[in-house]
Each structure stands twice: as structure tokens, then as C-alpha cells.
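This report concerns only the one structure given below.
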Amino acid sequence: MTTREGGCLCGQVRYTLKSEPVVTLLCHCTHCQRLSGSVFSTNVGVPEAAYEQRGETKVFVDKGDSGQPVWRHFCPNCGSQILSKLGSASGLVVIKAGTLDDLSGLKPAMELYTDHSAAWVGPVAGARRFAQAAN
Ligand SMILES: [Zn+2]
């Protein structure tokens with residue numbers, strides 16, 4: 001079984017993914033832009049049962065387009081965004097891919113909210129593009 005390790009910038013929060021991602025995607029939505037300080041986020045979804053965390057995260061309760069809550073977990077010490085859990089996708093943990101120790105073998109299969117994509121960000125080759133959410 002393949003496992004992946006990751007964690008925040010200061011090292012207070014560490015985690016293990018005990019399964020391969022079920023989805024890898026870019027999100028260009030305005031919440032991801034603001035929260036990341038970048039112009040998109042790169043996300044890796046794994047089943048909640050395959051996620052193991054050491055160290056406590058702090059949670060900001062956001063609201064998704066679905067109207068359902070989005071629980072955004074970050075390191076209370078260094079502020080790194082670690083993951084989100086979505087009211088609209090229970091059982092799934094969405095990891096911020098930049099917190100992984102090793103990105104090898106990961107490639108986004110889709111891009112969401114491309115309506116909000118910065119004009120100078122080109123499309124990812126082979127990724128399906130959705131103007132809004134992928135429904
Ligand atoms: Zn930290």
C-alpha cells in the first residue's frame with residue numbers, strides 16, 4: 001500500500017495518507033484564492049478513514065456554493081492550510097497538496113471554477129475544466 005506524508009511549515013501538524021488519492025484537482029474559486037494567498041489551490045481528496053493526523057489543527061468554518069459548511073483546518077502556529085472537510089462530501093478529506101512532502105505521481109485530473117482563473121494561468125494538459133463546481 002502506498003502512503004504519503006505531509007505537514008505544515010513549522011512541523012507542529014503532520015499527517016499520513018494511507019490510500020492513493022481518489023481525486024486530484026485545481027480549484028480557482030475566490031475562497032481558495034484568498035485562503036491560499038495564491039491564485040488557485042491544488043487539492044488531493046482521500047477517504048477520511050485513510051487520513052491520520054498528529055498535532056491539532058484550528059478550524060475556520062466557511063460556506064461552500066452548495067450552502068453546506070466547509071471546515072478549513074490550518075496550523076494554529078504557522079497558519080499553513082492543511083485540509084478541508086465538506087458538508088457536501090462527507091467521508092472525504094481534501095488535502096492542500098502543497099503540504100505533501102513529495103508530489104511525485106500526482107497530476108490534477110480537473111480544474112474547478114475556471115471562470116475565476118487568473119488570465120495568465122494556462123490550462124493543465126489533460127485536465128477537465130469546469131467553469132464552476134464539477135456537478
Ligand atoms: Zn505549523
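The values are calculated or read from the model by the stated rules, or taken from the named source; none is laboratory data. These numbers come from a predicted model, not from an experiment. Every residue, glycine among them, receives a Cβ derived from its backbone with ideal geometry; neighbour counts consider all protein chains shown. The accessibility values were calculated without ligands, DNA or RNA, using every heavy atom of the protein model including side chains. Shrake-Rupley method; radii C 1.70, N 1.55, O 1.52, S 1.80 Å.
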Legend entry - Unique match (being farther than 30 Å from Ala119 by Cβ and within 13 Å of the ligand (Cβ to nearest atom)) among Glu52, Glu56, Glu5: Glu56
Inset, instruction - Among what's in region 68-90 and is at pLDDT below 95 and out of contact with any Pro (no Cβ under 6 Å at 6 or more places or on another chain), pick the residue that is least open to solvent (accessible area, probe 1.4 Å). - result: Ala89
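One line per residue, one yes/no per condition, for (1) out of contact with any helix residue (DSSP H, G or I) (no Cβ under 6 Å at 6 or more places or on another chain); (2) of a type in the set (A, V, I, L, M):
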site: Glu56; (1), (2): yes, no
site: Val59; (1), (2): yes, yes
site: Ser84; (1), (2): yes, no
site: Gly91; (1), (2): no, no
site: Lys96; (1), (2): yes, no
site: Leu100; (1), (2): yes, yes
site: Ser117; (1), (2): yes, no
site: Val121; (1), (2): yes, yes
site: Phe130; (1), (2): yes, no
Inset, instruction - Go through region 12-38 residue by residue and tally those that are part of a loop (DSSP other than H, G, I, E, B), open to solvent by less than 40 Å² (accessible area, probe 1.4 Å) and either within 16 Å of the ligand (Cβ to nearest atom) or of a type in the set (Val, Ile, Thr) (or both). - result: 1
Legend entry - Single residue of Gln132, Gln53 found to be surrounded by 15 or more Cβ atoms within 10 Å (Cβ to Cβ) and more than 14 Å from the chain's Cα centre (by Cα): Gln53
Legend entry - Ser41 being under 12 Å from the mean Cα position of the chain (by Cα), within 16 Å of the ligand (Cβ to nearest atom) and touching a residue at least 12 places away in the same chain (Cβ under 8 Å): no
Inset, instruction - Report, by residue number, each residue of region 56-67 that is modelled with pLDDT of 95 or more and open to solvent by 50 Å² or more (accessible area, probe 1.4 Å). - result: Glu56, Lys58, Val59, Phe60, Val61
Inset, instruction - Go through the residues of region 92-99 one by one and say whether even a single one is assigned to a loop (DSSP other than H, G, I, E, B) and either within 14 Å of the chain's Cα centre (by Cα) or at positive phi (or both). - result: no
Inset, instruction - Select from region 108-122 the residues that are part of a loop (DSSP other than H, G, I, E, B) and surrounded by 12 or more Cβ atoms within 10 Å (Cβ to Cβ) and write down the one among them that is nearest to the chain's Cα centre (by Cα). - result: Pro108
